[in-house]
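Heads up, the thing below is written out as structure tokens.
The values are calculated or read from the model by the stated rules, or taken from the named source; none is laboratory data. This one's a predicted model, so the numbers in the text were calculated from it and none came from an experiment. Don't worry about glycine lacking a Cβ; one is built from the backbone with ideal geometry, like all the others, and counts go over all protein chains shown.
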Amino acid sequence: MHRTPMRRKRGSTKHSRRPRDWDRQGWTKQQVCCVIGPQPVWFGPPPNECRREVQAHHAGDRFGPDHDGHRANDSTVIPMCDGHHDDLHGSTGAFDGWTKPQKREWQDAMIERYRGRYESHQKLSLAAF
């Protein structure tokens, strides 16, 4: 017996239900990896050079008051190269030996840094028109 696969209604997936900020994600991917350069908080030896392409890492708290365990809101993305992103999730390389609270503190500091930079970028973009 052949069954037709079920199709989801448009806008019914977890990914599509959360608010998206494609402009912020695009801007974030054009930045330099946030692990390299001056750091507001760091808990180990300085990191090595970046490896591979920069991606928009969702650094926000997935289990905060407005989240239900799904990927954090797009307003919390920070630029991380693929290598440092893997290090962060695996607690290896630049993040070797870091505790979860240390990683959370660093990510929160990076979220604030890049939020400010993105807001400045938006103001300059609007002023150009």
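Which residues, taken from segment 78-109, are out of contact with any Phe, Trp or Tyr (no Cβ under 9 Å at 6 or more places or on another chain), of a type in the set (S, T, N, Q) and surrounded by fewer than 20 Cβ atoms within 10 Å (Cβ to Cβ)?
Matches in segment 78-109: 92 only.
Taking the stated definitions as given, is residue 113 modelled with pLDDT of 90 or more, basic (Lys, Arg) and either out of contact with any Asp or Glu (no Cβ under 6 Å at 6 or more places or on another chain) or not in a loop (DSSP other than H, G, I, E, B) (or both)?
yes
Residues in segment 54-82 that are at pLDDT 90 or above, over 13 Å from residue 110 (Cβ atoms) and not in a strand (DSSP E or B): how many?
Adding up the residues that qualify gives 1.
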